[in-house]
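Data first, discussion second: the structure below is written as structure tokens.
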Amino acid sequence: MREQMLQIENVLFTVTMVVYFAAMILYFLYIAVKKEKFSRIALILQAAGLLTHTLALVCRGIGAGRVPLTNQYEFAASFSWGISLVTLIFILKFKFPILGAFAMPVNFLIIGYAAMQSKEVHELMPALQSNWLVFHVSTAIIAYGAFAVSFVIALIFLARDKMKAQGFMDQHIPDKEKLDMISYRSVALGLLFLTFTIFTGAIWAEKSWGSYWSWDPKETWSLVTWIIYAVYLHLRIRNGWKGRSAAVFAAVGFVCVIFTYIGVNTFLPGVHSYK
């Protein structure tokens, strides 16, 4: 049964990659050909990809006999799922299909990174055999997905001035004020869930190792990331900080997110290296 579930998961994962790639191409065509039908089809494909992605993660969980959030492959696959989910929500909420053309390449890079990782199922180490795993890692996935969207919107904001007035892109991308507002909301969402991630991680660490905080490299860089985005929100709320500087700050914050996830695991091994 479990072997069958893992085989189904492999098929669904491959289908998800193909569907996401097709959605990305159609978003590009939407911009190149300027036909609304391409954006509608791309949106349907992204939703379909999110569905197969969800089913793949469910099959992985059944096949592994645990929540699929414990190694590089599983977290990267879940990270991609979070990006797709948050992007889809923001596209629908703000009627902003061009966001998909910028977000799907980032999403495809993350799921591509997942595809390069080992899919072998290992028995959980004692430290991971905790109910806190679900709360800790799932909140990180939503946080990272929201930060990815804020990064993409920051790039769109920075490119906004170079768009031809009254051109297709200019007419289909929100003005700078709205882009700034969308970025702010995505950062706020990400920071909220990152706070939950750090909080649940501290509780989990105390139960597993007897200490709430050990300055492990991933803990340290998660805190650095939290501080960067907290400063962003503080400056915005207290000082009305907006515009280009805020967009650059949001982009830099996502660089820290990527380093926290990939860089720390690669260059700074610690108790989180199993992720």
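Where a number appears in this text, it was derived from the coordinates with a stated rule and is not lab data. Since the structure is predicted, the reported quantities are computational estimates derived from the model, not experimental observations. Cβ: placed from backbone, ideal geometry, glycine included. Neighbour counts: every protein chain shown.
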Practice problem: Report Rg (one decimal) and Dmax (nearest whole number) for the stretch 124-267, counting Cα atoms only, units Å. | Solution: 17.5, 61
Quiz prompt | Hydrodynamic radius (Kirkwood) for the stretch 140-199, which is based on Cα pairs only, to one decimal in Å | solution = 12.3
Quiz prompt | For the stretch 124-267, size of Cβ-based charge dipole, Lys and Arg +1, Asp and Glu -1, in debye | solution = 380
Quiz item: Can you tell which of 212, 245, 196 lies farthest toward the positive end of the dipole of the stretch 176-247, using +1 and -1 charges on the Cβ of basic and acidic side chains (Lys, Arg; Asp, Glu)?
Solution: 245
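Quick one: 223, 12, fewest Cβ neighbours within 10 Å first, how do they rank?
Working: 223 16, 12 20.
By the 10 Å Cβ count, ascending: 223, 12.
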Practice problem: Write down, largest first, the equivalent ellipsoid semi-axes of the chain in whole Å, where each equals the square root of 5 times an eigenvalue of the alpha-carbon gyration tensor. | Solution: 32, 25, 13
